[in-house]
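The values are calculated or read from the model by the stated rules, or taken from the named source; none is laboratory data. It should be emphasised that the depicted structure is a prediction, and the values quoted were computed from it without experimental measurement. Heads up, the Cβs are rebuilt from the backbone with ideal geometry, glycines too, and the neighbour counts pull from every protein chain shown.
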Amino acid sequence: MTPAERQMAFVFALRSHGVTNPDVLKAMEATPRADFIEGVFRDRAYEDTPLPIACGQTISQPGVVGVMTQALEVTRRCKVLEIGTGSGYQAAVLAPLARRVYTIERHRRLARAARALFERLGLHTITVVHGDGSLGLPEQAPFDRIILTAAAEDPPGPLLEQLRPGGIMVLPVGQSHAVQTLLKVVKTDAGLDYVDLGPVRFVPLVAGVAQDVLD
């Protein structure tokens, strides 16, 4: 398959998941997923499937990244918080859509690698923080948008508190070893509105900072 054919298949897969927002499609087309994958799996970068990365984590399926990004309804005025940097792919997709992206990663090795990659790609509106994502980033709150790339049993209270009124949170919820539900949460003056975006499967949200071997 030629590069052009791979790109066409990639966009077709996104559209098959219901990703139709032109800005989201453009951002994902412009973000080379292969840059965020190492080793033998790089050849599978344009497949619509999750792939393993370091520290026992995964890079999400492009279709799911597209659905989550579209549901977040990011504008150029938005300050976004991501919980779970991982490979950095989701943050890189968000960067051209938002004013600023803060992303928290509990694994120092992943945070360091993502920071270096963003620098190499010239993505200077992303700030990587090595820390406990379950606590959010209160010193930078409130956020217009919050996205979690790990599953919580319920939307975490500290993160909801850091979401601006009128803001949107997108996250997987459910037990770590069962099928989870992707939720869109809109914070209104009257409370929280929930939209079910369908079943997903993510690694669980873990509190604390990982004690990686390389720390």
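For region 142-158, indicate whether the set of residues that are among the small types (Gly, Ala, Ser), assigned to a loop (DSSP other than H, G, I, E, B) and within 16 Å of ILE104 (Cα to Cα) is non-empty.
yes
Can you name the number of the only condition in (1) surrounded by 24 or more Cβ atoms within 10 Å (Cβ to Cβ); (2) in a helix (DSSP H, G or I); (3) touching a Leu at 6+ places or on another chain (Cβ under 7 Å) that THR85 fails?
(2)
For THR149, are the conditions met, namely being buried (at least 20 other Cβ atoms within 10 Å of the Cβ) and at negative phi?
Yes.
Determine whether region 164-186 contains at least one residue that is surrounded by fewer than 15 Cβ atoms within 10 Å (Cβ to Cβ), without any contact (Cβ under 8 Å) to a residue 12 or more places away in the chain and not in a loop (DSSP other than H, G, I, E, B).
no
Could you grab me the full set of residues in region 139-178 that are under 19 Å from LEU94 (Cα atoms) and among the aliphatic types (A, V, I, L, M)?
ALA141, ILE146, ILE147, LEU148, ALA150, LEU159, LEU163, ILE168, MET169, VAL170, LEU171 - these are the residues of region 139-178 that are under 19 Å from LEU94 (Cα atoms) and among the aliphatic types (A, V, I, L, M).
Of the residues VAL80, VAL74, which single one is part of a loop (DSSP other than H, G, I, E, B), in contact (Cβ under 8 Å) with a residue 40 or more places away in the chain, touching a Lys or Arg at 6+ places or on another chain (Cβ under 8 Å) and not acidic (Asp, Glu)?
One residue alone meets the criteria, VAL74.
Starting from residues that are at pLDDT 95 or above and among the hydroxyl-bearing types (Ser, Thr, Tyr), keep the ones in region 94-151 and report whichever is farthest from VAL74 (Cα to Cα).
THR127
Do we find a residue being part of a helix (DSSP H, G or I), surrounded by 14 or more Cβ atoms within 10 Å (Cβ to Cβ) and in contact with a Lys or Arg (Cβ under 7 Å, 6 or more places away or on another chain) anywhere in region 38-56?
Yes, that holds for at least one residue.
Quickly run through region 58-71 and pick out the residues that are assigned to a loop (DSSP other than H, G, I, E, B) and crowded, with 20+ Cβ neighbours inside 10 Å.
SER60
Anything in region 1-25 that is surrounded by 10 or more Cβ atoms within 10 Å (Cβ to Cβ), assigned to a helix (DSSP H, G or I) and of a type outside the set (Gly, Ala, Ser)? List them, or say none.
GLU5, ARG6, GLN7, MET8, PHE10, VAL11, PHE12, LEU14, ARG15, ASP23, VAL24, LEU25
Report, by residue number, each residue of region 96-107 that is in contact with a helix residue (DSSP H, G or I) (Cβ under 9 Å, 6 or more places away or on another chain) and more than 18 Å from LEU148 (Cα to Cα).
The answer is PRO96, and nothing else.
Any idea which of PRO22, PRO52, PRO32 is at pLDDT below 95 and closer than 20 Å to PRO96 by Cα?
After ruling out the rest, the residue left standing is PRO32.
For region 87-143, what are the residues that are on the phi > 0 side of the Ramachandran plot and free of Cβ contacts under 8 Å to residues at least 24 places away in the same chain?
GLY122
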